[in-house]
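Chemist: Let me give you the structure first, and then I'll get to my questions.
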């Protein structure tokens with residue numbers, strides 16, 4: 001039985017039971033909203049790393065630059081020159097999954113580029129099955145050392161990621177990462193080691209760079225020291241048969257990973273069911289029927305719910321969405337579905353909501369790579385951090401709503417804040433319908449009938 005003494009305000013929200021990793025006390029958690037702050041902090045961590053840099057990459061576009069102007073490969077090559085152990089796991093799409101987006105798939109051209117650069121970091125390529133994606137986006141800096149820190153989230157390596165709506169002159173992509181230091185960082189390290197050792201193409205001639213199949217990493221043997229007050233559980237979605245080594249993380253029971261893992265889905269369901277006052281969701285897609293039915297029940301029992309999604313419709317999500325009872329909830333005054341857009345008078349336009357997060361009751365949050373659609377919940381490999389810490393969650397809610405509403409809601413509780421969100425989002429929608437280019441903030445209410453593309 002897990003004790004929640006250090007996070008009493010979230011004690012009513014259970015952790016996932018069928019999971020590789022338990023909920024762990026003693027973590028320092030720092031949400032990072034949008035690409036410029038997130039990659040600025042990651043760049044600082046790379047610059048200050050003393051021992052190692054490990055990362056998993058799903059999507060990659062060569063135009064990506066850190067805020068200091070460095071490309072990914074410039075940053076990694078420079079770290080190798082400093083003597084650090086630098087490793088990257090890149091997703092290699094199957095023929096059925098190339099349509100998802102740009103990747104660094106280890107083609108002949110990719111490898112020639114690395115050769116011409118003289119790149120000496122170690123890399124492996126890892127496939128998912130059939131049409132699915134190795135969708136994790138995580139960074140592990142100085143694993144196992146006192147300087148250790150980790151990052152998980154949804155932000156891809158592309159120039160689009162740096163178009164942050166809350167910074168400079170605004171931008172057209174909204175996204176979130178979270179930095180985690182402390183015992184839960186050990187689990188993010190364990191996830192990397194498990195994937196590295198069993199990367200699908202490690203035995204192929206073009207499946208690795210600067211390492212051989214004999215390059216087997218050791219799993220972490222002890223938990224990292226406590227760094228802060230937050231309770232955190234690292235959760236995943238993993239398809240059955242993808243990995244087989246059930247070597248346990250420190251102070252955890254062996255988990256039969258060969259059977260797959262669905263702890264992110266389990267956590268979403270239990271958190272929605274446990275909600276007492278509010279649910280705030282940002283995601284690329286409106287929920288699949290399994291999640292939507294839970295949200296319907298929450299709305300019907302009086303929970304205030306706000307869902308922020310992109311304006312673009314997704315052909316796959318939309319088909320499942322039409323089978324859910326959302327249309328019967330359109331007139332409920334405690335459900336708001338909204339998108340983000342900058343006023344035209346400032347040169348703004350539609351902002352793509354790429355974040356994957358949920359806040360419940362101002363006490364619990366999840367941030368990671370997992371979308372609420374059938375790909376992420378049915379076959380992608382994903383990673384999220386679930387957080388029990390009222391101070392962290394309230395501050396995250398304040399920051400998100402300040403960006404979206406251009407209004408400080410720190411004096412409001414969670415219900416009041418979401419109702420204020422609804423009021424302003426509906427007012428903005430009316431202005432748009434009148435043809436006005438003047439509205440407050442970014443949030444615009446929409447009919448709950450659209451989803452988004454996967455990326």
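The values are calculated or read from the model by the stated rules, or taken from the named source; none is laboratory data. As the structure is a computational prediction, the values presented were derived from the model and not from experiment. Virtual Cβ from ideal backbone geometry, glycine too; neighbours counted across all protein chains shown.
Chemist: Of everything in region 403-416, what is without any contact (Cβ under 8 Å) to a residue 60 or more places away in the chain and not in a loop (DSSP other than H, G, I, E, B)? Give them in sequence order.
Modeler: Answer for region 403-416, where residues must be without any contact (Cβ under 8 Å) to a residue 60 or more places away in the chain and not in a loop (DSSP other than H, G, I, E, B): 405, 416.
Chemist: A further question on this structure: State all residues of region 241-258 that are surrounded by 14 or more Cβ atoms within 10 Å (Cβ to Cβ) and closer than 21 Å to residue 200 by Cβ; if no residue qualifies, say none. Quick ask: steps written out before the conclusion?
Modeler: Initially, region 241-258 is screened for residues surrounded by 14 or more Cβ atoms within 10 Å (Cβ to Cβ), giving 242-243, 246-247, 249-250, 252, 255, 257.
Result: 242, 243, 246, 247, 255, 257.
Chemist: Taking only region 60-90 into account, find how many residues are in a loop (DSSP other than H, G, I, E, B) and within 22 Å of residue 190 (Cα to Cα).
Modeler: In the first step, residues of region 60-90 are kept if they are in a loop (DSSP other than H, G, I, E, B); the result is 61-71, 82-84.
From what's left, within 22 Å of residue 190 (Cα to Cα): 84.
Summing the residues that are in a loop (DSSP other than H, G, I, E, B) and within 22 Å of residue 190 (Cα to Cα) in region 60-90 gives 1.
A quick yes/no check of all residues on (1) assigned to a loop (DSSP other than H, G, I, E, B); (2) under 18 Å from residue 61 (Cβ atoms); (3) touching a residue at least 24 places away in the same chain (Cβ under 8 Å):
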{"site": "98", "(1), (2), (3)": "no, yes, no"}
{"site": "106", "(1), (2), (3)": "yes, yes, yes"}
{"site": "112", "(1), (2), (3)": "no, no, no"}
{"site": "125", "(1), (2), (3)": "no, yes, yes"}
{"site": "131", "(1), (2), (3)": "yes, no, yes"}
{"site": "136", "(1), (2), (3)": "yes, yes, yes"}
{"site": "140", "(1), (2), (3)": "no, no, yes"}
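Chemist: Report yes if residue 212 is at pLDDT 95 or above, buried (at least 19 other Cβ atoms within 10 Å of the Cβ) and out of contact with any helix residue (DSSP H, G or I) (no Cβ under 7 Å at 6 or more places or on another chain), otherwise no.
Modeler: Details: at pLDDT 95 or above: yes; buried (at least 19 other Cβ atoms within 10 Å of the Cβ): no; out of contact with any helix residue (DSSP H, G or I) (no Cβ under 7 Å at 6 or more places or on another chain): yes.
Spelling it out, it is not the case that residue 212 is at pLDDT 95 or above, buried (at least 19 other Cβ atoms within 10 Å of the Cβ) and out of contact with any helix residue (DSSP H, G or I) (no Cβ under 7 Å at 6 or more places or on another chain).
Chemist: If the requirement is being buried (at least 21 other Cβ atoms within 10 Å of the Cβ), more than 22 Å from residue 44 (Cβ to Cβ), in the same structural domain as residue 57 (by TED's automatic domain parsing) and within 23 Å of the chain's Cα centre (by Cα), which of these qualifies: 175, 187?
Modeler: Numbers: 175 fails: more than 22 Å from residue 44 (Cβ to Cβ).
Of 175, 187, the one residue that is buried (at least 21 other Cβ atoms within 10 Å of the Cβ), more than 22 Å from residue 44 (Cβ to Cβ), in the same structural domain as residue 57 (by TED's automatic domain parsing) and within 23 Å of the chain's Cα centre (by Cα) is 187.
Chemist: Let me ask something else. Could you list, in sequence order, all residues of region 221-235 that are assigned to a loop (DSSP other than H, G, I, E, B) and crowded, with 20+ Cβ neighbours inside 10 Å? Working first, answer last.
Modeler: So in region 221-235, the residues assigned to a loop (DSSP other than H, G, I, E, B) come out as 221-229.
Scanning region 221-235 gives a single hit, 224.
Chemist: Which condition breaks for residue 218 when tested against (1) closer than 21 Å to residue 139 by Cβ; (2) not in a loop (DSSP other than H, G, I, E, B)?
Modeler: Among (1) closer than 21 Å to residue 139 by Cβ; (2) not in a loop (DSSP other than H, G, I, E, B), the lone unmet condition for residue 218 is (2).
Chemist: Continuing with the same structure: Those residues that are out of contact with any helix residue (DSSP H, G or I) (no Cβ under 6 Å at 6 or more places or on another chain) and closer than 17 Å to residue 162 by Cβ, I need them from region 46-57; list them, please.
Modeler: So the first thing to find is which residues in region 46-57 are out of contact with any helix residue (DSSP H, G or I) (no Cβ under 6 Å at 6 or more places or on another chain), and the list is 47-52, 55-57.
Answer for region 46-57, where residues must be out of contact with any helix residue (DSSP H, G or I) (no Cβ under 6 Å at 6 or more places or on another chain) and closer than 17 Å to residue 162 by Cβ: just 57.
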